Amino acid sequence: MLVKCDVDSTTHDTISNSVTLVPRLEYSVNLLNEIIEVLDLKKYDLKQSNRDLVTDFDEHDESHYDSIRLEHTINFSLETLFQIKNKTKTISGVHSIPTVLSSSIPVIRTVSAQLFNILPNCSQKLSELSVHLGSIVLDSAVLTKARFDFSQSNNDSTTLLDEVKLMVDSKISKQYPNLDFFKLCNT
């Protein structure tokens, strides 16, 4: 038996449009997880190869600084993407997407740029991810009639990057106590 009901066409459009966001968001989260897996493996490999530098660090050997800089960059990238992943877990509906993800896009682009010469494949995937998330944010903003404060979004991005940098700096400093950390940061 069919029940006759009236469906408001504007509500129907909103519902059908928001449903199209879910597969794109799932794809983006899966892509993010793939990138995190690659970086996590790279982090492990670097930690193993740099293990001797804990005790045998030579401040006159530039290759030692390069190895630790690389490990720092990978750690920074990985920790940043963990933060983005955690942010995606806080999405509770279409209305929360613009506020949760808008500051993530510049952060992802920053990480992509840092990985461009180190892991080009990850950099490319991060660029793809930023495009997908950008379209999701824009579409959800249109659906919810959200407004963007780009200044606040940029401030949030900068704050996130600064917090992760401090955290990674601290970890690297503890891991390599014989390292002149200021020389590493300034070269």
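Miscellaneous remarks
- Label positions at LYS165 and ASP45, each projected 7 Å from the Cα along the C-beta direction, are separated by 2.7 nm.
- The peptide list 137-144, 76-83, 117-124, put in order of mean Cβ contacts within 10 Å with the highest first, becomes 76-83, 137-144, 117-124.
- Pairwise Cα distances in the stretch 66-187 exceed 25 Å for 30 percent of all pairs.
- Comparing mean-square fluctuations of LYS43, LYS145, LYS125 from a GNM of the chain with C-alpha springs under 10 Å, the top value falls on LYS145.
- Helix 150-175 axis, angle to the chain major axis (alpha carbon atoms, nearest 10°): 30
- Peptides 58-67, 88-97 ranked from most to least packed by the mean count of surrounding Cβ atoms within 10 Å: 88-97, 58-67.
Every number in this text was worked out from the coordinates using simple rules, so none of it is lab data. Keep in mind that this is a model prediction, so the values were computed, not measured. Note: ideal-geometry Cβ built from the backbone for every residue, glycine included; neighbour counts use all protein chains shown.
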